[in-house]
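Encoded as structure tokens, the structure appears first; notes follow it.
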Amino acid sequence: MLISRLATFSLLVISAGAACGQDFPLRTLRIVTSAVGGSGDLLSRFIAQEIAAPLGQAVIVENRASNIGPEVVTKAPPDGYTLLEGGSAVWLTPLLQDGTPWDALRDFAPVSLVERSPNVLVVHPSLPVKSVLELIALARARPGELNFSTSAPGGSSHLAGELFKLMTGVKIVWVPYKGSAAAAVALMVGEAQLAFSNAGAVMPLFKAGKLRALAITGTRPSLLVPDLPTVSESGLPGFEVESIDAIWMPARTPPAIVRRLNQEIVRVLNRPEVKARLLTMGIEAASSSSEELAALIRSETAKWGKLIREAGIRVN
């Protein structure tokens, strides 16, 4: 009798989840993302526009500071109507900052990857280097004299510099700025000599000769900068840093709803014309299953958690 009741209960739960997915959505959805104008904001607005029609509901974008958006989403009902678009701050902030009120692996249901693109190792044109190995040799010859500029502490450009230091043993000085634009300006005017910058942000600068690009930080060719080699194949095997953005929903969101949103987002991002359009915006679109995203975040958390501990990086 007990087994029969448990089986009946399980069928009811499965049926309820399926029905929930079929009925969803019945009202406006919102995507919580970062500040206006960044790649996360652009991606969120593009996705919102493209999935609204097939969902049959409006999808709005709500901009929040990167340290506020995840907390907002963790407090939202797990009903599928609130999504989070975010980058590495979502899973790295708890590793960098004590008292962070969320945990990426505990508090979010992964939906899909939406962007995966490398940073670009760029130097000031006056620096007498034209390859990664020449940069390493120069940094070793001039310990403590070369600065690398970044935007937010703990972001991919900062961690790339710390990983470069760890893997090469060079002494370069981290100089943080308020935003990627300010970090790029600092490099152009010579306050810094190198940076591991977002590809979309610095492409116009090295194409115009204002910066020199040496390599990309991914382990595979990038459609954004197809002519550049990777740092790994340029003399530093195993070096890999990528800018990753993804979509999440609050933990305990019904699996049927997660699957529905994943299907719509993946469908949009896999269209060739969408990939081409996003490339013109400096964004290399990517997609994944929910399970693939969860595995990727576990891997990234382990990798960068180790570096953050070894380098003693903390954010106040």
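Below is a table of values for the structure above.
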item: Tail beyond 13 Å, pair distance distribution of region 166-222 (Cα, percent); result: 65 percent
item: Region 184-192 - phi-based ³J(HN,Hα) in whole Hz, Karplus 6.51/-1.76/1.60, Gly and Pro as x; result: 5, 4, 4, 5, 5, 8, x, 5, 10
item: Footprinting exposure proxy for D98, D79 (fewest neighbouring C-beta atoms within 10 Å first); result: D98, D79
item: Relative packing of peptides 152-163, 232-243, 126-137 - highest average C-beta neighbours within 10 Å first; result: 152-163, 232-243, 126-137
item: For the chain, calculated [θ]222 nm from helices alone, where every DSSP H run of n ≥ 4 adds -39500 (n - 2.57); result: -14000 deg cm²/dmol
item: Cβ-Cβ FRET estimate between I60 and A182, R0 fixed at 25 Å, reported to 0.05; result: 0.25
item: Hits among lysines - C-alpha to C-alpha of K130 under 18 Å, sequence gap 8 or more where chains match; result: K207, K210
item: Candidate aspartates and glutamates - alpha carbon under 12 Å from K75, same-chain residues fewer than 8 apart omitted; result: D107
item: Most to least packed among 197-209, 44-56 [average Cβ atoms within 10 Å]; result: 197-209, 44-56
item: Lysines whose Cα lies under 20 Å from that of K303, excluding same-chain neighbours fewer than 8 positions away; result: K165
item: Theoretical gain in end-to-end length, V173 to A141 [0.36 nm per residue, Cα-Cα removed]; result: 10.1 nm
item: GNM flexibility winner over the chain from E284, E71, E145 (Cα, springs under 10 Å); result: E145
item: Estimated FRET transfer efficiency when R0 is 51 angstrom, pair V274-V189 (beta carbons, to 0.05); result: 0.90
item: Equivalent-ellipsoid semi-axes of region 118-234, from the Cα gyration tensor, Å, largest first; result: 18, 17, 14
item: Sites L26 and Q49 - FRET efficiency at Förster radius 25 Å, r taken between beta-carbons, to 0.05; result: 0.80
item: Fewest-first sequence of W248, W102 by Cβ atoms within 10 Å of each Cβ; result: W102, W248
item: Likely footprinting exposure, M167, M249, fewest C-beta neighbours within 10 Å first; result: M167, M249
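Where a number appears in this text, it was derived from the coordinates with a stated rule and is not lab data. Because the structure is a prediction, the values reported are computed rather than measured. Glycine also receives a Cβ, built like all others from the backbone with ideal geometry; neighbour counts cover every protein chain displayed.
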